[in-house]
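Single-structure report; data block below.
The values are calculated or read from the model by the stated rules, or taken from the named source; none is laboratory data. Computed from a prediction, not measured in an experiment: that's the story for all the values here. Quick reminder, even Gly has a Cβ in these numbers, built from the backbone with ideal geometry, and neighbours come from all protein chains shown.
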Amino acid sequence: MSLRENADSPLQSLLRYFAQGTGTALKPIPHADTRIDRLMHSDAFPAGSLRPAAVLIPIVHHEGRYAVVLTQRTEQLSSHPGQVSFPGGRRDAADESSIHTALRESQEEIGLPPCAVTVLGSLGDLLMSSGYCVTPIVGLIADDTPLSPSPHEVAHLFRVPLQLALNVSSFERVQVSTPEGDRELLQMHYDGYRIWGATATILYHLAQEIARH
């Protein structure tokens, strides 16, 4: 893959961040709502009881710029139907690592060959009230790699400019009502898509980490 952006581009900032080593990239990902964050890191959710999962943050050169590949889930899925997400899922017993999980799931969901991905590194875990501990993996996709989304899992595949995704000002905090009460979450809008929940939380965390370093 060719790195066609200048030294001050979002891609180069991303590369510099991961070149520092994983020590700076392993902070736990905080929830937008501090009450949920406190709950998820309390004794009510012991780490050993959470099911490991991983997602891939795929970055591709598309139409002259770098972008993050996202999917909109189909309505027939039992988990988070219709929501925007990264390709990924729960870790299987045969998976050697979170990287293996993220690449395997990406191949199943969007037809991305693992050999076409250069893994840059991982972020810290995001603990979910659904009982999952999610590890995001960041990877560059080789130029001109064809993607073929699974019609069962993916309703739409789209790309958000990396410059937008890694800008903390792209995100807003909103209040939503849930059966458990009002809750604060992060969201951003792009090309008619609403990116929110865990997906927005992960992107916002990555944008903050890069801005700090």
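Every residue, every condition in (1) touching a strand residue (DSSP E or B) at 6+ places or on another chain (Cβ under 7 Å); (2) within 22 Å of residue 99 (Cβ to Cβ), yes or no:
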| residue | (1), (2) |
| --- | --- |
| 21 | no, yes |
| 26 | no, yes |
| 35 | no, no |
| 48 | no, yes |
| 53 | yes, yes |
For residue 49, work out the one condition from (1) surrounded by 12 or more Cβ atoms within 10 Å (Cβ to Cβ); (2) more than 21 Å from residue 200 (Cα to Cα); (3) hydroxyl-bearing (Ser, Thr, Tyr) it doesn't fulfil. (1)
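Does residue 174 meet the test of being at pLDDT 90 or above and crowded, with 20+ Cβ neighbours inside 10 Å?
Values: at pLDDT 90 or above: yes; crowded, with 20+ Cβ neighbours inside 10 Å: no.
In short, no.
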Subset of the stretch 151-183 (residues that are over 24 Å from residue 135 (Cβ atoms) and part of a strand (DSSP E or B)): 155, 156, 161, 172, 173, 174, 175, 176, 177, 178, 181, 182
For a quick check of your reading of the model, give me the residue pairs whose first member lies in the stretch 89-105 and is more than 13 Å from residue 119 (Cα to Cα), whose second is surrounded by fewer than 23 Cβ atoms within 10 Å (Cβ to Cβ) and basic (Lys, Arg), with beta-carbon atoms closer than 8 Å and at least 6 apart or on different chains. 90/51; 91/51; 92/104; 95/104
Condition broken by residue 158, with the remaining ones in (1) under 23 Å from residue 62 (Cα atoms); (2) buried (at least 20 other Cβ atoms within 10 Å of the Cβ) satisfied: (2)
